[in-house]
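Here the structure is laid out as structure tokens; the discussion comes afterwards.
The values are calculated or read from the model by the stated rules, or taken from the named source; none is laboratory data. Since this is a predicted model, take the numbers as computed values, not measurements. We place every Cβ from the backbone using ideal geometry, glycine too, and count neighbours over all the protein chains shown.
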Amino acid sequence: MAYETLIVEVADHIGLIRLNRPEALNALNMQLLEELADVLVSFSTNDKVRCVIITGSEKAFAAGADIKEMSEKSFTDMFEADYFTGPTETLLRFRKPIIAAVSGYALGGGCELAMMCDFIIASDTAKFGQPEINLGVMGGMGGTQRLTRFVGKSKAMEMNLTGRFMDAAEAERSGLVSRVVPAKDLLDDAKATAAKIAEKSLIAAMAVKEAVNRSYETTLREGVLFERRVFHSLFSSEDQAEGMAAFTEKRAPQFRDR
Ligand code: HXC
């Protein structure tokens with residue numbers, strides 16, 4: 001299917017989604033978010049996709065939700081349509097690993113979209129921020145919630161209250177991103193990282209994703225018990241037998257996602 005706001009490629013078991021509204025610094029409008037949801041639905045049943053990368057351009061991952069599109073909306077318009085936020089539920093339900101490869105601006109909904117992915121690799125030009133307060137509103141896709149869990153209350157509060165941007169070094173220091181790489185290497189690095197994930201058992205990768213995400217939703221005790229059950233359940237998979245046999249036989253495993 002052809003998309004107007006995204007460039008989508010599948011190669012080497014990686015699904016690459018490039019946000020593509022250069023005229024608006026990849027601002028997230030409803031069309032883009034619906035197209036993104038549509039791609040993810042197709043990726044979830046596509047055996048050729050074992051890991052996903054979401055990226056933008058060198059200048060902007062995404063400069064926020066589309067201000068022009070939402071400026072005339074009323075409460076009921078936003079509420080009834082679950083405007084912007086509705087399609088992101090598909091991303092949150094997506095079970096294969098997703099990497100955000102962020103260069104340039106990741107602001108407002110752009111920062112929130114990156115945080116909805118499983119981890120963020122940033123270029124040294126990346127700038128993160130929740131500047132919605134400058135528009136008389138606030139983050140609506142996780143800016144006050146996920147950012148607080150990533151960087152702690154003090155920094156999240158400051159960023160949401162002042163709208164200031166965080167550069168890549170600060171984002172790495174405070175745990176928002178997993179790594180910072182030179183801008184010219186961002187996509188290659190993200191692809192190499194995705195390739196590493198894609199060669200694992202997809203069953204194990206999906207289990208890891210589910211368990212790490214569970215740590216955000218529950219107590220440590222419940223999370224550890226959940227992890228234990230999932231760990232035990234992986235002993236029903238062929239990939240567990242194969243992975244451990246391959247280690248013993250000093251060969252590379254041949255995972256079959258079974
Ligand atoms: C619509 C946007 C946009 C946005 C940029 N553009 N951000 N359009 N929505 N969020 C458009 C500009 O209007 C302009 O179009 C073109 O992109 C280039 O932007 P410039 O401002 O000329 O670029 P520059 O001077 O380099 O400044 C870059 C910038 C600035 C600092 C990123 O564009 C900016 O502050 N953007 C808004 C950031 C923001 O407030 N984001 C939060 C949005 S609210 P024209 O046609 O004029 O050339 C949000 C809510 C999330 O995200 C919650 C949802 C549920």
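Filter the stretch 84-98 down to residues that are surrounded by fewer than 18 Cβ atoms within 10 Å (Cβ to Cβ) and of a type in the set (Lys, Arg) and give me whichever is nearest to ALA27 (Cα to Cα).
ARG93
Among the residues of the stretch 116-124, are any small (Gly, Ala, Ser), within 12 Å of the ligand (Cβ to nearest atom) and modelled with pLDDT of 95 or more?
Step one: filter the stretch 116-124 for residues small (Gly, Ala, Ser), giving 122-123.
Going one step further and asking which of them are within 12 Å of the ligand (Cβ to nearest atom), we end up with none.
Checked the stretch 116-124: no residue is small (Gly, Ala, Ser), within 12 Å of the ligand (Cβ to nearest atom) and modelled with pLDDT of 95 or more.
Any residue at all in the stretch 77-98 that's within 24 Å of LEU186 (Cα to Cα), near the ligand (Cβ under 10 Å from one of its atoms) and touching a strand residue (DSSP E or B) at 6+ places or on another chain (Cβ under 6 Å)?
no
Residues checked against (1) over 25 Å from GLY15 (Cα atoms); (2) in contact with a Lys or Arg (Cβ under 7 Å, 6 or more places away or on another chain); (3) modelled with pLDDT under 95:
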site: ARG164; (1), (2), (3): yes, no, no
site: VAL180; (1), (2), (3): no, no, no
site: ALA183; (1), (2), (3): no, no, no
site: ASP188; (1), (2), (3): no, no, no
site: ALA211; (1), (2), (3): no, no, no
site: GLU222; (1), (2), (3): yes, no, no
site: LEU234; (1), (2), (3): yes, no, no
site: ALA246; (1), (2), (3): yes, no, no
site: ASP257; (1), (2), (3): no, no, yes
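Counting just the residues of the stretch 99-115 that are within 9 Å of the ligand (Cβ to nearest atom), without any contact (Cβ under 8 Å) to a residue 60 or more places away in the chain and closer than 24 Å to VAL41 by Cα, which one comes out surrounded by the most Cβ atoms within 10 Å (Cβ to Cβ)?
CYS111
State all residues of the stretch 209-241 that are crowded, with 16+ Cβ neighbours inside 10 Å and touching a residue at least 40 places away in the same chain (Cβ under 8 Å); if no residue qualifies, say none.
LYS209, the sole residue that qualifies.
List the number of the failed condition for LYS59; all other conditions in (1) near the ligand (Cβ under 9 Å from one of its atoms); (2) under 24 Å from ALA81 (Cβ atoms); (3) in contact (Cβ under 8 Å) with a residue 12 or more places away in the chain hold.
That leaves (2) as the condition not met.
Do you know which residues across the stretch 11-22 are loosely packed, with under 15 Cβ neighbours inside 10 Å and either modelled with pLDDT under 95 or within 25 Å of ALA198 (Cα to Cα) (or both)? Lay out the reasoning, then the answer.
Start the filter on the stretch 11-22 by keeping residues that are loosely packed, with under 15 Cβ neighbours inside 10 Å, which leaves 11-12, 22.
Matches in the stretch 11-22: ALA11, ASP12.
Could you check how many residues of the stretch 137-157 are more than 23 Å from GLU72 (Cα to Cα) and either outside any helix (DSSP H, G or I) or hydrophobic (A, V, I, L, M, F, W, C) (or both)?
8
Can you find, within the stretch 125-136, the residue that is nearest to the ligand (Cβ to nearest atom) among those that are farther than 26 Å from SER74 by Cβ and in contact (Cβ under 8 Å) with a residue 40 or more places away in the chain?
Within the stretch 125-136, the match that is nearest to the ligand (Cβ to nearest atom) is LYS127.
Every residue in the stretch 23-38 that is buried (at least 22 other Cβ atoms within 10 Å of the Cβ) and of a type outside the set (Asp, Glu), please.
Those that are buried (at least 22 other Cβ atoms within 10 Å of the Cβ) and of a type outside the set (Asp, Glu): ASN26, ALA27, LEU28, LEU32, LEU33, LEU36.
Restricting attention to the stretch 14-43, which residues are part of a helix (DSSP H, G or I), away from the ligand (no atom under 16 Å from the Cβ), aliphatic (A, V, I, L, M) and in contact (Cβ under 8 Å) with a residue 40 or more places away in the chain?
Answer for the stretch 14-43, where residues must be part of a helix (DSSP H, G or I), away from the ligand (no atom under 16 Å from the Cβ), aliphatic (A, V, I, L, M) and in contact (Cβ under 8 Å) with a residue 40 or more places away in the chain: LEU40, VAL41.
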